[in-house]
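The values are calculated or read from the model by the stated rules, or taken from the named source; none is laboratory data. Here the structure is a predicted model, which means the values were calculated and not measured. Neighbour counts run over all protein chains shown; Cβ positions are idealised from the backbone, glycine included. The area values use the complete protein model at the heavy-atom level, side chains included, leaving out ligands, DNA and RNA. Shrake-Rupley method; radii C 1.70, N 1.55, O 1.52, S 1.80 Å.
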Amino acid sequence: MTGKKVEQEETQSISSSFSGSGSSKSANQRIDSSSYSTSDSPRSTAQFSHGSDKGELAKKETENVNRLRFIVLAILTMVAVGVSVLVYFITKQTGEEEMESQFFSVSSRLVDAFVAIRTERIATLASLAIAAIAHGVDHSRDWPFVSLSFYQQRAYTAKLNSGALQVSIAPFVSNETRSAWEEYIVSDEAEVDWIEQSVAYQEEVGIDPFIKDYGQNFRNDRFHSIKRWYGESIDARAVPLLDKDQAMSYIPFWEMSPFLTYDDVNIDMLHDERGVYGKACIEEGAIIIGNMTQRPSGGIDSDNRITSTFAQLLSIEKGRKVDYEGDPMSHIFIPIFDSFESGRRARALLVGLFNWGILFRGTVPEAAAGIDLVLRNECQQSFTYRLYGEGEVLPVGEGDLHEPAFSEWEVQTPVLMSGETADGTRDGLPFGTSGCDYFMSIYPSQVFVEQYKSPIPAIVVSV
């Protein structure tokens, strides 16, 4: 019994010991687990927090880098835009300054050309009037029975240097001398045969192809009446002035260069639009410039007689057939006196016909294309021309037609009828008060401005 009890106690002790060992192990596992749980959790949190801080820092650094890049790009863009704008304005200003300089340079030349109409062109015509005065003084007969020798040759130089299309002499004929005058122009007296000489001369120099028709020769008649034109159609005829039409005086056209037709000889200017200016020239003994004369545009074969005349004269001047474009012509009247002494009296007129556009041809360089000229006079007339390169002057139309955007750029010439013209006398030859005083306004146009607009500024800005 006792041995059995002891054996049972040993067995229980082993079992208890085994059981205690297991419990101890389980407890140790719990403690270890608890220890792991309590000791490892703070370390993990710290590690996570540290990694999160590094990510935030990297993100901020990336944002700073991107921000810096943006700032650099913005600065570069601003610099590029600034440079482009600076180049744009500098280039634009340079173009504007060049345009302004060119415009005022061209304007100065045009003003000089306008002033030269008085100082050079009219003075050249006056020299022909002086030759007529001298010839009259030396001639055996008095005016109106005076004809200038070698008239075509003398007039050629005057036309060339003055720019006149036609130059004529028209004597003052009183009612008392009318019959003797009408017989004189068909006589065999010296220089009266100027018409035959003119026809031969014009054929020799090659201008007769531009002359439409010389008409009916009257030189074999017993006399040739002073006439006037009725109408301007192609069928119009020069009609003799009858007794009932007779006035106290006449100013008939006589010698003329070029000579176009017999029908123009002995036409009394007092019976047409030129009369008021011709009469004023005789009475004042001064140079008179008439109004602007315009007719429908057309060529040599135009149905309008005066249009045809203008086209013939322009063709002769140009050396080839051209049309008259309807732009203004004007007559200038210069007195021819009976002597060079004081108290002299005007006995005839030298009459020049001008085309205004021709007077400005070739006065500006090719770069001056697009300059507008507005010709004005005190007879309330105006006409606009446009100058292009290579001496081309094109009529724009009647009135002031310059572009209003350029009104403030106006350059105005002096008036034309000022001062005196040298004629071999002490005081010179003045301008009269009864004519149409002329002046001119000069403007740029958009065509002119466009020449100085460079594409560089726009290209720089777009780049």
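Does Phe223 satisfy the condition of being open to solvent by 50 Å² or more (accessible area, probe 1.4 Å), modelled with pLDDT of 90 or more, more than 38 Å from the chain's Cα centre (by Cα) and within 28 Å of Ala346 (Cβ to Cβ)? When the stated conditions are applied, Phe223 passes them. All conditions in (1) touching a Lys or Arg at 6+ places or on another chain (Cβ under 8 Å); (2) closer than 24 Å to Ala286 by Cβ; (3) open to solvent by 60 Å² or more (accessible area, probe 1.4 Å) hold for Arg345, with the sole exception of (1).
Out of Glu255, Glu283, Glu317, report the one residue that is open to solvent by 10 Å² or more (accessible area, probe 1.4 Å) and in contact with a Leu (Cβ under 8 Å, 6 or more places away or on another chain).
On the way: Glu255 fails: open to solvent by 10 Å² or more (accessible area, probe 1.4 Å); Glu283 fails: in contact with a Leu (Cβ under 8 Å, 6 or more places away or on another chain).
None of the others qualify; the one that does is Glu317.
Just give me the residues in the stretch 383-402 being open to solvent by less than 50 Å² (accessible area, probe 1.4 Å) and out of contact with any Gly (no Cβ under 8 Å at 6 or more places or on another chain), in sequence order. Hits for the stretch 383-402 are Gly389, Gly397, Gly399, His402.
When the residues of the stretch 105-126 are filtered to those that are surrounded by 18 or more Cβ atoms within 10 Å (Cβ to Cβ) and not hydrophobic (A, V, I, L, M, F, W, C), the one that is nearest to the chain's Cα centre (by Cα) is Ser107. Apart from one condition, His331 fits all of (1) touching a residue at least 12 places away in the same chain (Cβ under 8 Å); (2) farther than 27 Å from Ile316 by Cβ; the exception is (2).
Conditions tested, residue by residue: (1) at pLDDT 85 or above; (2) in a loop (DSSP other than H, G, I, E, B); (3) touching a Leu at 6+ places or on another chain (Cβ under 6 Å); (4) of a type in the set (A, V, I, L, M).
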residue: Arg426; (1), (2), (3), (4): no, yes, no, no
residue: Thr433; (1), (2), (3), (4): yes, yes, no, no
residue: Tyr443; (1), (2), (3), (4): yes, no, no, no
residue: Tyr452; (1), (2), (3), (4): no, yes, no, no
residue: Pro457; (1), (2), (3), (4): no, no, no, no
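From the list Met269, Met329, Met292, the lone residue that is open to solvent by less than 50 Å² (accessible area, probe 1.4 Å), modelled with pLDDT under 95 and either more than 34 Å from the chain's Cα centre (by Cα) or not charged (D, E, K, R) (or both) is Met269.
Any idea which residue in the stretch 412-431 is farthest from the chain's Cα centre (by Cα), counting only those that are open to solvent by 30 Å² or more (accessible area, probe 1.4 Å) and in contact (Cβ under 8 Å) with a residue 40 or more places away in the chain?
Going residue by residue through the stretch 412-431, those that are open to solvent by 30 Å² or more (accessible area, probe 1.4 Å) are 412, 414-415, 418-420, 422, 424-427, 430.
Right, trim to in contact (Cβ under 8 Å) with a residue 40 or more places away in the chain and you get 414, 418-419, 422, 424-425, 430.
Working: Pro414: 18, Ser418: 25, Gly419: 28, Ala422: 32, Gly424: 37, Thr425: 39, Pro430: 31 Å.
Residue satisfying both the conditions and the ranking: Thr425.
Do we find that Val137 is more than 32 Å from the chain's Cα centre (by Cα), closer than 24 Å to Ile288 by Cβ and at pLDDT 90 or above in this structure? Full working, then the answer.
Values: more than 32 Å from the chain's Cα centre (by Cα): yes; closer than 24 Å to Ile288 by Cβ: yes; at pLDDT 90 or above: yes.
Spelling it out, Val137 is indeed more than 32 Å from the chain's Cα centre (by Cα), closer than 24 Å to Ile288 by Cβ and at pLDDT 90 or above.
Which of the residues that make up the stretch 432-454 are among the small types (Gly, Ala, Ser) and open to solvent by less than 40 Å² (accessible area, probe 1.4 Å)? Spell out how you get there, then give the answer.
Taking the stretch 432-454 first, the residues among the small types (Gly, Ala, Ser) are 432, 434-435, 441, 445, 454.
Listed by number, the residues that qualify are Gly432, Gly435, Ser441, Ser445.
Inside the stretch 364-382, residues that are crowded, with 18+ Cβ neighbours inside 10 Å, of a type outside the set (Asp, Glu) and farther than 14 Å from Tyr438 by Cα make up a count of 5.
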